[in-house]
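Report on the structure given below.
The values are calculated or read from the model by the stated rules, or taken from the named source; none is laboratory data. These numbers come from a predicted model, not from an experiment. When we count neighbours, we look across all protein chains shown, and the Cβ atoms used for this are built from the backbone with ideal geometry, even at glycine.
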Amino acid sequence: MPNIVLHKCGEAFRGEVAAETNLVVRAGIRRFPYPHLTYGCGMGKCGRCACRVLAGAEHLPEPNWKETKRLGDRIGQGFRLVCQLWITHDIELHQDDALNAAAPRPREG
Ligand code: FES
């Protein structure tokens, strides 16, 4: 079972999830500690779930086209869209709401 550490607002929220868990789905059903995860569309469009992966990136698949489109250069800095990830191994994430709020909004359509 993967162990999750989410760093946010100066705190570290820790928990364990079943393999193949999507953390945005967990946040949506308010399962500890993921209500602390900021997210929006759940579909790779809004960018509000973006997190920098601090550890465990080697176990993730390559970014999909939605992540590439939404994150651009931030992928090279270790960012991923958490709504696009199904977690299979331990992972440590950092989410900065100010940074995500500053991200350009996706165009509609
Ligand atoms: S929740 Fe909107 S891109 Fe992940």
(message) For the range 44-79, give me the residue count where each residue is within 13 Å of the ligand (Cβ to nearest atom), among the basic types (Lys, Arg) and closer than 12 Å to Asn100 by Cβ.
(response) 3
(request) Would you point out the residue of the range 80-109, among those that are outside any loop (DSSP other than H, G, I, E, B) and away from the ligand (no atom under 16 Å from the Cβ), that is modelled with the lowest pLDDT? (result) Ala98
(request) Kindly provide the set of residues from the range 34-43 that are within 19 Å of Arg14 (Cβ to Cβ) and within 12 Å of the ligand (Cβ to nearest atom), ordered by number. (result) Leu37, Thr38, Tyr39
(request) Could you tell me whether Gly42 is free of Cβ contacts under 8 Å to residues at least 12 places away in the same chain, outside any strand (DSSP E or B), more than 17 Å from Thr88 (Cα to Cα) and of a type outside the set (Val, Ile, Thr)? (result) no
(message) For the structure I just gave you, tell me whether His36 is surrounded by 14 or more Cβ atoms within 10 Å (Cβ to Cβ), at pLDDT below 95 and in contact with a Leu (Cβ under 7 Å, 6 or more places away or on another chain).
(response) yes
(request) Kindly list, by first and then second residue, each pair from a residue in the range 72-99 that is more than 15 Å from Tyr34 (Cα to Cα) to a residue that is part of a strand (DSSP E or B) and within 13 Å of the ligand (Cβ to nearest atom), limited to pairs with Cβ atoms under 6 Å and residues at least 6 apart or on different chains. (result) Phe79/Ala50
(request) Select, from Ala57, Ala19, the only residue that is touching a residue at least 40 places away in the same chain (Cβ under 8 Å), over 11 Å from the mean Cα position of the chain (by Cα), surrounded by fewer than 17 Cβ atoms within 10 Å (Cβ to Cβ) and within 14 Å of Asn3 (Cα to Cα). (result) Ala19
(message) Suppose we keep only residues that are within 15 Å of the ligand (Cβ to nearest atom) and assigned to a loop (DSSP other than H, G, I, E, B) within the range 1-33. Which one would you say is modelled with the highest pLDDT?
(response) Asn22
